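The values are calculated or read from the model by the stated rules, or taken from the named source; none is laboratory data. Just so you know, these numbers come straight off a predicted model, no measurement behind them. Positions of Cβ are generated from backbone atoms using ideal geometry, with glycine treated the same way; all protein chains shown enter the neighbour counts.
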Amino acid sequence: MTEAVVLVAGYLIGSIDFAVLAARRHGVDIYSEGSGNPGASNVARVIGKRTGALVMVADLLKGVVAAGLGELVGGSEFLGFAAGGLAVAGHCFPVWHRFRGGKGVATTVGVLLWTIPLLGLGLAMVWAAIIGATRVSSYGSLTVVLAAVPAVWLWAEESKSALVMAGITVLVVIRHAGNIKRMLGSGEQSL
């Protein structure tokens, strides 16, 4: 029973869409501005880099809190990944915003920061370096989530944690389908 409550809590935590809340505070409908995506990158483009950075940190913390709750209350790394994975799902499909959410990368990095801190930190640095070098958020995002699966498989305490990470990666890649099409075609939007 406790595990089920933790998993539901993970999803509900993930469903808090800080991009939508920040945009409303600035009088902006983030769904109709920029790319229309309620995520930190679009907030940075539409409202400003500072607000975008705050949204990114808040989204990252959703993953940290959900994974921490899962691991501490549930008693295993796997439950940390599971609750964190549901936070990513909540971020992508938030119940509070008619299931129209972001792409889940910052929340994924937050999950990794809690469950395997050195890996999470390393991937966060790779993510930032790629975005800094290319000015294209999706390049860094896709690189990090794709690299996370084999890395979690190698470093996780429980091998089934890698299965959850694979599910998270599939979800994040699907949420980037439009970005992938643009990368293969005319080019992706820069920050």
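Every residue, every condition in (1) within 17 Å of VAL88 (Cα to Cα); (2) at pLDDT below 95; (3) touching a Phe, Trp or Tyr at 6+ places or on another chain (Cβ under 8 Å); (4) among the polar types (S, T, N, Q), yes or no:
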{"residue": "VAL6", "(1), (2), (3), (4)": "yes, no, no, no"}
{"residue": "LEU12", "(1), (2), (3), (4)": "yes, no, no, no"}
{"residue": "ALA22", "(1), (2), (3), (4)": "no, no, no, no"}
{"residue": "VAL28", "(1), (2), (3), (4)": "no, no, no, no"}
{"residue": "SER35", "(1), (2), (3), (4)": "no, yes, no, yes"}
{"residue": "SER41", "(1), (2), (3), (4)": "yes, yes, no, yes"}
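Looking at VAL164 and the list (1) within 18 Å of LEU86 (Cα to Cα); (2) surrounded by fewer than 21 Cβ atoms within 10 Å (Cβ to Cβ), which single condition is not satisfied?
So the condition that VAL164 fails would be (2).
Applying the selection to the range 17-36, what residues are surrounded by fewer than 21 Cβ atoms within 10 Å (Cβ to Cβ), closer than 13 Å to GLY101 by Cβ and in contact (Cβ under 8 Å) with a residue 24 or more places away in the chain?
TYR31
It is to be established whether one or more residues within the range 40-50 are closer than 15 Å to GLY104 by Cβ and polar (S, T, N, Q).
Taking every residue of the range 40-50 in turn, at least one turns out to be closer than 15 Å to GLY104 by Cβ and polar (S, T, N, Q).
Given MET165, MET125, MET183, which one is within 13 Å of the chain's Cα centre (by Cα) and of a type outside the set (S, T, N, Q)? Explain how you work it out, then say what you get.
On the way: MET125 fails: within 13 Å of the chain's Cα centre (by Cα); MET183 fails: within 13 Å of the chain's Cα centre (by Cα).
That would be MET165, the only listed residue that is within 13 Å of the chain's Cα centre (by Cα) and of a type outside the set (S, T, N, Q).
Looking only at helices (runs of 4 or more DSSP H) that fall completely inside the range 51-151, which ones have 3 or more residues that are surrounded by fewer than 23 Cβ atoms within 10 Å (Cβ to Cβ) and either in contact (Cβ under 8 Å) with a residue 24 or more places away in the chain or touching a Leu at 6+ places or on another chain (Cβ under 9 Å) (or both)? Walk me through how you get there before you give the answer.
Details: elements: 77-92, 105-115, 117-134.
The qualifying helices (runs of 4 or more DSSP H) are 77-92, 117-134.
For residues in the range 80-104 being within 21 Å of SER138 (Cα to Cα) and of a type in the set (Lys, Arg), which is farthest from the chain's Cα centre (by Cα)?
Within the range 80-104, the match that is farthest from the chain's Cα centre (by Cα) is ARG100.
Is one or more of the residues making up the range 154-163 aliphatic (A, V, I, L, M) and in contact with an Asp or Glu (Cβ under 7 Å, 6 or more places away or on another chain)? Full working, then the answer.
Step one: list which residues in the range 154-163 are aliphatic (A, V, I, L, M), which gives 154, 156, 162-163.
Next, from what is left, pick out any that are in contact with an Asp or Glu (Cβ under 7 Å, 6 or more places away or on another chain): 156.
Yes, some residue in the range 154-163 is aliphatic (A, V, I, L, M) and in contact with an Asp or Glu (Cβ under 7 Å, 6 or more places away or on another chain).
Determine whether the range 165-172 contains at least one residue that is in a helix (DSSP H, G or I), within 26 Å of SER35 (Cα to Cα) and small (Gly, Ala, Ser).
From the range 165-172, those in a helix (DSSP H, G or I) are 165-172; that's our starting set.
Next, only the ones that are within 26 Å of SER35 (Cα to Cα) stay: 167-172.
So of that shortlist, the ones also small (Gly, Ala, Ser) come out as 167.
Yes - at least one qualifying residue is present in the range 165-172.
Of everything in the range 1-38, what is of a type outside the set (Phe, Trp, Tyr), under 18 Å from ALA53 (Cα atoms) and in a helix (DSSP H, G or I)? Give them in sequence order.
Passing the criteria: GLY14, ALA19, VAL20, LEU21, ALA22, ALA23, ARG24, ARG25, ILE30.
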